[in-house]
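Shown next, in structure tokens, is the structure this report addresses.
The values are calculated or read from the model by the stated rules, or taken from the named source; none is laboratory data. Everything numeric here is computed off the predicted structure, so don't read it as measured data. In this analysis, Cβ positions are derived from the backbone assuming ideal geometry, glycine residues included, and neighbour counts consider all displayed protein chains.
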């Protein structure tokens, strides 16, 4: 790898120090461009004054099959220490090699520290692993956005988890006629409360309720509290997830239900959303690079750490946990967990599914944003898992089932050693 100096006049050139965040590249994704020039580290976490060397660094994304473990800078060599857990990533890779979906991205986040314990992608056609999908925002958020809509409803309106709504037609569609209060024969009208509507991912109820109770500006504000349109990770080239303000009522219904291809997010962001719910409304920014360790001069440099933010009241966060758990026990993820009585007795598990066709690489995305934490250890903050599977011709495994397998492995093999 050949690097040049950074032109001080502002012209971009490659800088030798930063193969540090080299992303894996799948040949099939040649039209994806994740390269940008951003500051990597502002100052060591243990120092009050900025580090002059760190201030000069600019991040470079380089095309490799794996992230580099060592970089050269200022005539010195540095070892890059990532947050990834090798045992966990090995297990995830074995799972993906067993089921072999078309494209998959799995992200596991420690809710207590914000460390990304795993970020594993898989491409069936090339039979290779990488990290591009996990750190890209080319994926429609689908019904995962119902988490943000539910948070806005619970936090800023009279709506509660047991508030009932009426609807007609299929719950997966969103016709304009469905966005009006049903007034036809009662035999065609069905009733669900918010908890059941969330668990079953009812587009009609979320679309109509948003029109009647929310505003485009208010929903955008809640989305940005959850990390949309904001930079989430330091040291990694992760573009912000995208949420735009609705332009009319039907547009608001589309955005609120997630039934659109304009709201985009990354699997890393999916894990962050799960952690906000698990952490009682606390947004803990994800960490991927722990530090750089000087190999010869023993110097250590740390990335800047963003301050945690409280984005929800405790009551709203508690209600969201109720909605998440309902998805497991009576909703769209029920089939994946119904034979896991032992697991559900040991862990509090919550999640939200989502599916939509589109994005890059193109296909039908099968999302599952979830969290799990011990019921026996009250100090356990747990982990959040985001699984995104892209199916092109047929399905190979459901995302909740893959997440369940990861939860089982983590708490059987890794969690006891965390204490």
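Being under 16 Å from residue 404 (Cβ atoms) and surrounded by 15 or more Cβ atoms within 10 Å (Cβ to Cβ) narrows it down to one residue among 354, 382; which is it?
Exactly one of 354, 382 is under 16 Å from residue 404 (Cβ atoms) and surrounded by 15 or more Cβ atoms within 10 Å (Cβ to Cβ), namely 382.
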Within the stretch 265-282, tally of residues that are surrounded by fewer than 23 Cβ atoms within 10 Å (Cβ to Cβ) and in contact with a strand residue (DSSP E or B) (Cβ under 8 Å, 6 or more places away or on another chain) = 2
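For every residue, the table says whether it meets (1) free of Cβ contacts under 8 Å to residues at least 12 places away in the same chain; (2) surrounded by 17 or more Cβ atoms within 10 Å (Cβ to Cβ); (3) closer than 16 Å to residue 202 by Cα.
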{"position": "323", "(1), (2), (3)": "no, yes, yes"}
{"position": "328", "(1), (2), (3)": "no, yes, yes"}
{"position": "331", "(1), (2), (3)": "no, yes, yes"}
{"position": "339", "(1), (2), (3)": "yes, no, no"}
{"position": "347", "(1), (2), (3)": "no, yes, no"}
{"position": "359", "(1), (2), (3)": "no, yes, no"}
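Looking only at residues that are touching a strand residue (DSSP E or B) at 6+ places or on another chain (Cβ under 6 Å) and closer than 18 Å to residue 324 by Cα in the stretch 385-405, which one is surrounded by the fewest Cβ atoms within 10 Å (Cβ to Cβ)? Outline the logic, then answer.
Narrowing the stretch 385-405 to residues touching a strand residue (DSSP E or B) at 6+ places or on another chain (Cβ under 6 Å): 385-392, 399-400, 402-403.
Next cut, closer than 18 Å to residue 324 by Cα only: 385-388, 399-400, 402-403.
Details: 385: 32, 386: 31, 387: 31, 388: 28, 399: 28, 400: 27, 402: 25, 403: 27.
In this case the residue turns out to be 402.
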Name the residues in the stretch 327-339 that are farther than 23 Å from residue 161 by Cα and under 24 Å from the mean Cα position of the chain (by Cα), would you?
-> 336
Does the stretch 231-246 hold any residues that are modelled with pLDDT of 95 or more and surrounded by fewer than 17 Cβ atoms within 10 Å (Cβ to Cβ), and which are they?
-> 242, 244, 245
With respect to residue 279, is the statement that it is over 22 Å from residue 221 (Cβ atoms), in contact (Cβ under 8 Å) with a residue 12 or more places away in the chain and under 19 Å from the mean Cα position of the chain (by Cα) true?
-> no
Answer yes if at least one residue in the stretch 60-74 is touching a helix residue (DSSP H, G or I) at 6+ places or on another chain (Cβ under 8 Å), at pLDDT below 95 and either surrounded by 14 or more Cβ atoms within 10 Å (Cβ to Cβ) or more than 28 Å from residue 362 (Cα to Cα) (or both), and no otherwise.
-> yes
Checking residue 251 against (1) crowded, with 21+ Cβ neighbours inside 10 Å; (2) free of Cβ contacts under 8 Å to residues at least 40 places away in the same chain, which single condition isn't satisfied?
-> (1)
Taking into account only those residues within the stretch 296-321 that are surrounded by 14 or more Cβ atoms within 10 Å (Cβ to Cβ) and within 30 Å of residue 78 (Cβ to Cβ), which is nearest to the chain's Cα centre (by Cα)?
-> 306
